[in-house]
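Okay, so here's the structure we're looking at.
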Amino acid sequence: MLPFDVILFDVGGVLLTNGWDHKERAAVVQNFGLDAAEFEARHPEPNDAWEKDEITAKEYLDATVFYEPRSFAREDFLKAIFAQSLPLADSALSALREIASTGKYLVGALNNEAREPNEYRFQRYELRKYFEIALSSCYVGLRKPHPEMYKRAIDILGRPADRVLFIDDRQSNVDFAGDTGMKAIRFTGAEGLRRELEGLEVF
């Protein structure tokens with residue numbers, strides 16, 4: 001018997017760079033010559049709504065950047081957000097590809113991301129080739145580490161929690177997933193992940 005029915009991957013910090021975390025925001029804000037403190041003060045509430053698909057990219061940008069006239073367009077700023085998405089230097093992509101190629105597991109994403117960046121990242125790096133299901137915050141309407149996010153994922157999957165393996169780079173996400181009964185691994189690098197997966201007899 002296989003050790004799990006489902007293997008779920010976070011995306012930012014596990015497969016790719018973070019999409020719109022503080023480091024990425026700082027680079028883009030500086031590039032456009034914006035006031036970083038003002039931007040960060042405006043960011044949290046609309047970002048939470050954007051990642052849960054409660055507002056559009058335009059509404060997010062209107063709240064954080066275009067509340068006053070700018071010398072650049074919304075499309076320019078959104079492209080700059082997309083450009084922050086790169087393959088992670090020490091990525092789990094090879095593990096994802098190998099696991100998906102076996103055909104033994106239902107492989108998917110469990111990640112926080114707004115719709116537009118999420119779909120860009122999935123398409124640009126062909127993640128849909130490997131993901132059979134995407135439990136992204138923008139599709140589920142919840143964000144990690146809220147406990148309901150993991151409960152909703154289990155309900156959608158229709159598998160017992162202990163038959164689901166989840167891989168994430170943030171300890172809080174790992175802890176809350178574990179509280180639901182999922183087996184959760186904190187990703188710290190490709191080599192360490194392979195050792196853990198071999199120990200769990202995934203490979």
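The values are calculated or read from the model by the stated rules, or taken from the named source; none is laboratory data. Here the structure is a predicted model, which is why all the values come from computation and not from measurement. Neighbour counts run over all protein chains shown; Cβ positions are idealised from the backbone, glycine included.
Taking the residues in the stretch 72-123 that are in a helix (DSSP H, G or I) and of a type in the set (Val, Ile, Thr) as candidates, determine which candidate is surrounded by the fewest Cβ atoms within 10 Å (Cβ to Cβ). It would help to see each step written out before you state the result.
Our first condition is that a residue be in a helix (DSSP H, G or I); within the stretch 72-123, this holds for 74-83, 93-102, 115-123.
Right, trim to of a type in the set (Val, Ile, Thr) and you get 81, 99, 102.
Values: Ile81: 20, Ile99: 22, Thr102: 11.
The residue in question is Thr102.
Residues of the stretch 147-176 that are in contact (Cβ under 8 Å) with a residue 60 or more places away in the chain and surrounded by 17 or more Cβ atoms within 10 Å (Cβ to Cβ): Ala153, Leu157, Arg163, Val164, Leu165, Phe166, Ile167, Asp168, Asp169, Arg170, Asn173. For the stretch 7-57, filtering for residues that are touching a Gly at 6+ places or on another chain (Cβ under 9 Å) and small (Gly, Ala, Ser) leaves 2.
Got at least one residue in the stretch 186-197 being touching a residue at least 60 places away in the same chain (Cβ under 8 Å) and at positive phi? Yes, because at least one residue in the stretch 186-197 is touching a residue at least 60 places away in the same chain (Cβ under 8 Å) and at positive phi. If you go through the stretch 7-48 and pick out every residue that is of a type in the set (Lys, Arg) and surrounded by 13 or more Cβ atoms within 10 Å (Cβ to Cβ), you end up with 2. Do you know which residues across the stretch 161-192 are more than 20 Å from Pro145 (Cβ to Cβ) and either part of a helix (DSSP H, G or I) or out of contact with any Asp or Glu (no Cβ under 8 Å at 6 or more places or on another chain) (or both)? Answer for the stretch 161-192, where residues must be more than 20 Å from Pro145 (Cβ to Cβ) and either part of a helix (DSSP H, G or I) or out of contact with any Asp or Glu (no Cβ under 8 Å at 6 or more places or on another chain) (or both): Arg163, Ala190, Glu191, Gly192. Inside the stretch 161-181, residues that are of a type in the set (S, T, N, Q) and out of contact with any strand residue (DSSP E or B) (no Cβ under 8 Å at 6 or more places or on another chain) make up a count of 2.
Given the structure, is Ala100 among the small types (Gly, Ala, Ser) and either at pLDDT below 95 or touching a helix residue (DSSP H, G or I) at 6+ places or on another chain (Cβ under 7 Å) (or both)? No, not satisfied.
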